[in-house]
Amino acid sequence: MTERRPSPAADLDRQLADLEQEIDRLRRRSREHSVPVDAEIAPLVERAEQLRVQIYTHPSPWHIVQLARQSQRPRLLDFLGTLCSDVMELHGDRLYRDDPALLAALARFNGQPVVVIGHNKGKDTKENIARNFGMPYPEGYRKALRAMRLAEKFRYPVISFVDTPGAYPGDEAEERGQAEAIARNIQEMSRLRTPVVVVITGEGGSGGALAIAVGDAVLMLQYAVYTVISPEGCAAILWHDASRARDAAAALKLTAEDLHALGVVDEVLPEPFGGAHRDPDATFATVREALQRHLQALRTVPIEVLLDRRYEKYRRMGRILEESTQSIE
Amino acid sequence: MTERRPSPAADLDRQLADLEQEIDRLRRRSREHSVPVDAEIAPLVERAEQLRVQIYTHPSPWHIVQLARQSQRPRLLDFLGTLCSDVMELHGDRLYRDDPALLAALARFNGQPVVVIGHNKGKDTKENIARNFGMPYPEGYRKALRAMRLAEKFRYPVISFVDTPGAYPGDEAEERGQAEAIARNIQEMSRLRTPVVVVITGEGGSGGALAIAVGDAVLMLQYAVYTVISPEGCAAILWHDASRARDAAAALKLTAEDLHALGVVDEVLPEPFGGAHRDPDATFATVREALQRHLQALRTVPIEVLLDRRYEKYRRMGRILEESTQSIE
Amino acid sequence: MPAGIWAKCPRCRNLIYRKELERNLKVCPKCSYHHRLTAVERLEITLDENSFQEYDAGLASTDPLGFESYPDKLSEAQAKTEQAEAVLTGEGTIEGWRTVTGALDFYFMGGSMGSAVGEKVARAAERAHAQRLPLLIFSASGGARMQEGVLSLMQLAKTSAAIGRLHDAGLPYLSVMCDPTTGGVTASFAFLGDVILAEPGALIGFAGRRVIEQTIRRKLPEDFQTAEFCLQKGLLDMVVPRTEMRSALSRLLAFVGAPRLVPVQIEPAPAAQP
Amino acid sequence: MPAGIWAKCPRCRNLIYRKELERNLKVCPKCSYHHRLTAVERLEITLDENSFQEYDAGLASTDPLGFESYPDKLSEAQAKTEQAEAVLTGEGTIEGWRTVTGALDFYFMGGSMGSAVGEKVARAAERAHAQRLPLLIFSASGGARMQEGVLSLMQLAKTSAAIGRLHDAGLPYLSVMCDPTTGGVTASFAFLGDVILAEPGALIGFAGRRVIEQTIRRKLPEDFQTAEFCLQKGLLDMVVPRTEMRSALSRLLAFVGAPRLVPVQIEPAPAAQP
Ligand SMILES: [Zn+2]
Ligand SMILES: [Zn+2]
């Protein structure tokens, strides 16, 4: 039974949210009725600050997983609407279906034409049902590839926003070649003849994330996660106990900081204290600046150099032991 | 009611078939029982000969349509089995389904590696139901394109055998992009970086045929047809009378001879007297010789020259009137 | 549509004041039905005023097969539409963006593609290529022109090949499907756009509804082969109401072609790697 | 399979004389069930005798994340299989045709792909490229190796990119899926073959049956995700019984690679245009 209790981190988070609501309520009342409430509020503000420091100074990996999945976290459409202008959505893979879980669009970023792709997670149940919780079918990945081919044709950069629990694990998705679609995208992105910048904004769920996440620069929000398997899945397989997800989250090294240290992520984009959803504008500003900087730098690199660098970057990933019992190259 | 009566051409054909059967029967009896039957046979043989001359010396376009649709006419698998060795069939478009109406295979022709594609019409009802009467779905065309990309990768020639009533006119075929699949194939074949030789062996049914029939050399069996619409369909639309198909067949100029004159077909391959099915081996020999000759000639052409020639060939097709009221280029 | 002060909407059956209909780009103000347009009307509502310079005005089909009554039908269509053929092509600008634009005319023998339509579309693609301009084609066609037999089928290959070269050169091609776009035109240039747009409610498909129903022995749903249906099936990029089409095209042209539209920048673009 | 004179077939439950089973390449003589093979067995029945020259024998995964009990599991697997890692790679010939061949070992931690498996596969592709030899990989894997976290996920990118370069160089790559081929390996090199083969009955899929059934809340059909199922769904080229695999591969190698296999012909092949 203890396993079902909310985690301490989540407890702290809820306490903080309650406190903030109470403070807000008091402040509103103070404004509306011109009643001074400073004395009443002061201890609450202090307690909230303590909680914040406690939680967000050193959030546990499991707490970061919760932040990454936070329902009010900025979504693709928020980034697109704020960072881009002249957005024109492209639909369909020209083969089977238009997949609403994955968005592709022509747009301008700082006035420059770009092609944007991304997992289209929603913020509420209705949106999420319509967009399958940001879990694409093969046709979503094939639409993304079609959009990337357009970017390649016109030599416009691709910006990819990653936020998915994973590729949809359904029978029809399997039948239509989920694995093939992901493999194809990974391969084609590894040699796409135009710059690709990836921003992992929320959940980077395994192959379903990687299918649009191979790029020249892979940026990651501070409280996003990127993992080969969900902590719950990992715990279930390793320890036959999904409730040990907290332990798995720590073991999997799925935070931006960890992944930067492992060389998988090129830059960690700091989030506002408490998470991106607490100050979306600050988050957008951070992402905008980073995107601008990376696109600027990539724009001047000759394409063959860019492709060699991209290849070498992925080529180097991983850690191996090698005995020198034979000479190699 | 007169419309439902078999055409005179078909009548003649049936009479001939009956006669030939009777002659065979008499000859067998003669052999088995050592009974001389020459006197009995002679007039039949003479009459058969007359009929043959009558029918096949100048077959009408409508009669040629019947020959092209003849159920015993050699099919793709016959050509493949006779002309090629080391046949390895490839399956599937890697997207949705394996379409049995369209076959793709790696093979050797005269010892040289080639990629073969073709409409896979059957010879009996069972085969035809399994292979949808040689009417592909979009996934058939997409499989063909995948096979052609392999040919391009290895710079092996493509040999395409055309024999279809047309692309399958079903709701699912429409939903999965029948038009897109055909357009894509036509475009990609027009610029495929390897030689393509097409043989129209039976029915060349409109876009469903053209989708695998763009090539450097388009050969056509003497009694095959190639048409933008079936004679029945044409008659129904133009005269609201499908029984005027015979007239439409003549009007559409769908015979090999006509199409050669119009510049659509590069070479007409003569068939045995009475049609390919009367002497399949002779037909195979003719096709083999022609394929060999064309492949040989194409092999030595530099790829850019080949592509320019192919482009120009299709670019010139059609007849227009042009007033010189304005100067052009 | 017969002349007169009032026009009857074929969908909602309301009588609409013709002037109002014209002002609304022939979109029914009551039910948003998009009336079919002639090629001339299409170019008028799409291109900047007086910007159109026609190509190949004198180019027309002939009767290559000696097909019964084809010359008469051609003459009738020419008289009715005052055009030589079922497509108009030329150069024109959209909110200043230079394009090579073509528009098929369904009122000319059902917008059918014979040798002349294929030739004009192929030439338009080649001129867009030569001048490094974006190509834009509005389709409205019942398919191939059977009176030209296989020669009309070969126009699928001719036009698709020309657009393939445009693509190889890294030049943009926008395809707009109008009601109806069916048969051979869908199986060639209409479905080969970098971006494919359609008008609301447009009928789009390869095979005809009746043929399909005969084949599958079922009734098809009402919305089968509509633009909206095709959008859901992943076959189109956008369904754009006529009243917003010009601005959508302008934005797309700015996006795909902008670097090449300023007269100063005429250096060749980098070749595309497909 | 435990040692002993008799082996029990997991499908038909018959007891099979072990020697007979070995002679039949571990295909059940009663029901044709294809028993799983170790990587060593796979190479033995595939390559010409004594033709195998192993690459990177000493290359193994380490424990980059400090993941609980991973080093122990690695050691156990190494002890059990007498291999350093879950894939064997090297050069070898098949009926004389030279290849670079890799075989995953399901008995080594479920054939999971960690850094070492990714590295060995990528190196195999690069060596095939450098020597202009065809690449051949037998997959048998449960997916990524979660004990290496995202580093194992990155092996999908590493291997797919290496095979992309092979493809760009016009070199052939044959993929053979054996039972089971699931997860990350399917979403990378296993599905990127020029030609994809599979053994009869092999389980092939991205997501696991249980996860799918939980998601869709239905039971899946018995044959779901079998090789035969995937063939029908257009995802594979051929399903080839083990007893015919060597000859099928030999013919394919002759077809795709023959011009490059004769030692005299070492001039570079023309670059492929994808
Ligand atoms: Zn109306
Ligand atoms: Zn058995």
How many angstrom lie between the Cα centre of segment A:293-316 and the Cα centre of segment A:80-140?
25
Mind checking which of C:V256, C:T93, C:G184 is farthest towards the positive end of chain C's charge dipole, using Cβ charges of +1 (Lys, Arg) and -1 (Asp, Glu) about the Cα centre?
C:G184
Expected integer from the mean partner chain Cβ neighbour count at 10 Å over D:200-207 is 5
Skipping prolines and chain starts, which residues have an amide H placed within reach, meaning under 5 Å, of the one on B:K123, given they are 5 or more residues away or on another chain?
B:N128
Build a GNM of chain A with springs between Cα atoms under 10 Å: which of A:L77, A:L269, A:L26 gets the top mean-square fluctuation?
A:L26
Determine the percent antiparallel among the DSSP beta bridges restricted to chain A, to the nearest 5.
40
Amide H of D:I16 versus every other amide H placed in the peptide plane: which residues, excluding those fewer than 5 positions away on the same chain, fall under 5 Å?
D:A7, D:K8, D:C9
Could you size up the charge dipole of the protein assembly as shown around its Cα centre, putting +1 on the beta carbon of Lys and Arg and -1 on that of Asp and Glu, and report it in debye to the nearest 20?
960
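What fraction of the DSSP beta bridges in chain C is antiparallel, stated in percent and rounded to the nearest 5?
45
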For segment C:22-34, in order, what is each residue's ³J(HN,Hα) by Karplus, 6.51 cos²θ - 1.76 cosθ + 1.60 with θ = phi - 60°, in whole Hz (x at glycine and Pro)?
4, 4, 8, 6, 6, 9, 4, x, 8, 10, 6, 4, 8
Please list the non-local residues whose amide H lies under 5 Å from the amide H of D:T181, H modeled 1.01 Å from N, same-chain partners needing a gap of 5 or more.
D:S141, D:L203, D:I204, D:G205
Rank D:I216, A:Y96, C:V40 by how far each Cα sits towards the positive end of the charge dipole of the protein assembly as shown (+1 on Lys, Arg Cβ; -1 on Asp, Glu Cβ) and give me just the farthest.
D:I216
Measuring label to label, 7 Å along Cα→Cβ, what does D:Q53 give against each other copy in nm, shortest first?
6.7
Apply the Karplus parameterisation 6.51 cos²θ - 1.76 cosθ + 1.60, with θ equal to phi minus 60°, to every residue of segment A:16-24 and state each ³J(HN,Hα) to the nearest whole Hz, in sequence, with x for glycine and proline.
4, 4, 4, 4, 4, 4, 4, 4, 4
Among C:78-85, A:220-227, B:103-110, what's the highest-first ranking by average C-beta atoms within 10 angstrom per residue?
A:220-227, B:103-110, C:78-85
Given Cβ point charges of +1 (Lys, Arg) and -1 (Asp, Glu) and nothing else, what value in debye, to the nearest 20, does the dipole of segment C:36-256 about its Cα centre take?
660
Find every distance from the label point of D:I5 to the corresponding label point in the other copies (7 Å from Cα along Cα→Cβ) and write them in nm, one decimal, shortest first.
10.9
About its Cα centre, how strong a charge dipole does segment B:8-55 have in debye, to the nearest 20, once Lys and Arg get +1 and Asp and Glu get -1 at the Cβ?
160
Kindly give the distances from B:S85 to its copy-mates, label point to label point, with each label point 7 Å from Cα along Cα→Cβ, as nm values to one decimal ordered shortest first.
6.9
Listed peptides D:196-203, B:249-256 by packing density, highest first (mean Cβ within 10 Å):
B:249-256, D:196-203
Chain A, Gaussian network, Cα under 10 Å: of A:P43, A:P270, A:P113, the residue fluctuating most is A:P43
Normalised by the residues of chain B, what does the relative contact order come to in percent, with Cα pairs under 8 Å and at least six apart?
14
Percent antiparallel among DSSP beta bridges confined to the protein assembly as shown, nearest 5, equals 45
Chain B: angle of helix B:38-57 to the longest principal axis, Cα-based, in degrees nearest 10
30
Sequence order, segment B:116-123: Karplus ³J(HN,Hα) from phi using 6.51 cos²θ - 1.76 cosθ + 1.60, θ = phi - 60°, Hz rounded, Gly and Pro as x, gives 10, 10, x, 6, 9, 5, x, 10
Sorting B:L44, A:L307 on the 10 Å Cβ count, fewest up front, what's the list?
B:L44, A:L307
Among the listed pairs B:K121/D:K233; A:K143/A:K253; A:K143/C:K30; D:K80/D:K233, which have their C-alpha atoms separated by more than 26 angstrom in this model?
A:K143/A:K253; A:K143/C:K30; D:K80/D:K233
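Would you tell me the mean number of C-beta atoms belonging to other protein chains that fall within 10 Å of each C-beta in C:69-75, as a whole number?
Per residue, the average neighbour count from other chains is 1.
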Pairs of Cα atoms farther than 46 Å apart, the protein assembly as shown, %:
41
Top positive-direction residue, dipole computed over segment C:36-256 with Cβ charges, set C:A103, C:G234, C:A84
C:G234
Residue-averaged beta-carbon neighbours from other chains (10 angstrom radius) around A:308-318
6
Count charges around D:K30 for me, please; just the other residues with Cβ under 12 Å from its Cβ, Lys/Arg as +1, Asp/Glu as -1.
+2
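Just so you know, all these numbers are worked out from the coordinates, no wet-lab data involved. These figures come from a predicted structure and were not determined experimentally. Cβ atoms come from the backbone with ideal geometry, glycine included; neighbour counts cover every protein chain shown.
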